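Colleague: I'd like to ask you about the structure that follows.
The values are calculated or read from the model by the stated rules, or taken from the named source; none is laboratory data. Everything numeric here is computed off the predicted structure, so don't read it as measured data. Positions of Cβ are backbone-derived with ideal geometry, glycine not excepted, and every protein chain shown enters the neighbour counts. The area values use the complete protein model at the heavy-atom level, side chains included, leaving out ligands, DNA and RNA. Shrake-Rupley method; radii C 1.70, N 1.55, O 1.52, S 1.80 Å.
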Amino acid sequence: MAVSTGDSLTRAGNLPDALPVLYQEIMEDSCDPWLLYRFAWVCNRMEKPADALEPALAAWRIEPDNQWYLAEYIRALKNLEMYDELIGCGGSIRGGGVCCYYLAVAERELGICPSPSFEYLHAASSAQDDSAAADACLWLALLLGNEVDAESLIVLVETAVTLQPYEDFYRCILAEKLAENGETERSREQLHLLRLEGSTGYSYWQACASLAEAEMDTDRRLWALRRARSLRICPESNRNLGWTLYFAGRDALRDGDILLSAERLQEAVGLGDSSEIYVHKADSLMELIHEFENSVPCSY
């Protein structure tokens, strides 16, 4: 299958530029399920779930057995809080992958207790199939994020890594959870293993940023978040970097380093529009810096 221009931009992480190109491509060929899926995938990560809905549904209808196409459709439903419609897709979901996770989220939001999907994931977490068990452990950890202690979550993700040691995403999540729990040396070990395997994707750099945050190393955290953003330009990566730049700029200003503060705040402002809170806050601090600089009398 030939790679389209829009798909190439998506693979390069340039989602803002990929979006209009993919849109034009599906206008020219609205029966290509892969193009429809890729457009929906980008829309969801650009936080445009309403735009993702129809193309994802169209892709899934063309290939109803493709769970990845279904996943983008129900991801859009979840982000739009269309939980009843999401529940209606339950009969088409197979296994305990991301679709089952989204279904469990919807069941919980609708107050369905016990949640059939949660119960399924719980049972699958001890299944004989290592792949299915690992997947279930990971999704359970994400579902239980605010309900159980950090050690229990780490055990779940560690189990997923043990069962599927070559699944980089699982190991990235483990490194992140360990860092968040203050277990920096163990987090560093997981990242070292990923580095040795040559896995330095978006999730890897996000985990590196979490470790740097746990170690209170702002410069290294900024570096990791810039690397993550270079691999996927989207609102999430902009926001993660933008907030870190804002706090770093604010701290530099408190320390009296106006030049460094202005540099970091200006970078933050350039990452988003005025609807983003971090942009508004960074811009306000920039104005204070300009007022201060203009109020200082020149000496000749």
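Colleague: If a residue has to be open to solvent by less than 40 Å² (accessible area, probe 1.4 Å) and free of Cβ contacts under 8 Å to residues at least 12 places away in the same chain to count, how many in segment 131-175 make the cut?
Modeller: Qualifying residue count, segment 131-175: 1.
Colleague: Take the conditions surrounded by fewer than 16 Cβ atoms within 10 Å (Cβ to Cβ), on the phi < 0 side of the Ramachandran plot and either in contact with an Asp or Glu (Cβ under 9 Å, 6 or more places away or on another chain) or in a helix (DSSP H, G or I) (or both) and apply them to residue 287. Does it pass?
Modeller: yes
Colleague: Same structure again: Looking at residue 173, is it not charged (D, E, K, R) and not in a helix (DSSP H, G or I)?
Modeller: No: the conditions fail for residue 173.
Colleague: Look through 7, 51 and report the one residue that is closer than 24 Å to residue 87 by Cβ, under 21 Å from the mean Cα position of the chain (by Cα) and in a helix (DSSP H, G or I).
Modeller: 51
Colleague: Which residues, counting only those in segment 89-100, are farther than 12 Å from residue 57 by Cβ and part of a loop (DSSP other than H, G, I, E, B)?
Modeller: 93, 94, 95, 96, 97 - these are the residues of segment 89-100 that are farther than 12 Å from residue 57 by Cβ and part of a loop (DSSP other than H, G, I, E, B).
Colleague: So residue 271 ticks every box in (1) in a helix (DSSP H, G or I); (2) among the hydrophobic types (A, V, I, L, M, F, W, C); (3) within 28 Å of residue 40 (Cα to Cα) but one. Which box is left unticked?
Modeller: It fails just one condition, (1).
Colleague: Filter segment 156-182 down to the residues that are among the β-branched types (Val, Ile, Thr) and in contact with a Lys or Arg (Cβ under 9 Å, 6 or more places away or on another chain), then identify the one that is farthest from residue 142 (Cα to Cα).
Modeller: 161
Colleague: Same structure, new question: Within segment 238-266, how many residues turn out to be open to solvent by less than 70 Å² (accessible area, probe 1.4 Å), closer than 16 Å to residue 220 by Cα and in contact with a helix residue (DSSP H, G or I) (Cβ under 7 Å, 6 or more places away or on another chain)?
Modeller: Adding up the residues that qualify gives 11.
Colleague: What is the one condition in (1) open to solvent by 30 Å² or more (accessible area, probe 1.4 Å); (2) in contact with a helix residue (DSSP H, G or I) (Cβ under 6 Å, 6 or more places away or on another chain) that residue 119 does not satisfy?
Modeller: Condition (2) is where residue 119 drops out.
Colleague: Taking only pairs six or more apart or across chains, which ones have beta-carbon atoms under 6 Å, a first residue in segment 96-115 that is closer than 14 Å to residue 73 by Cβ, and a second residue that is of a type in the set (A, V, I, L, M, F, W, C) and open to solvent by 40 Å² or more (accessible area, probe 1.4 Å)?
Modeller: Every condition considered, the pairs that remain are 106/87.
Colleague: Still on this model: Give 103, 70, 53, 77 a once-over and let me know the one that is in contact with a helix residue (DSSP H, G or I) (Cβ under 9 Å, 6 or more places away or on another chain), within 15 Å of residue 34 (Cβ to Cβ), of a type outside the set (Ser, Thr, Tyr) and surrounded by 19 or more Cβ atoms within 10 Å (Cβ to Cβ).
Modeller: Residue meeting the stated conditions: 70.
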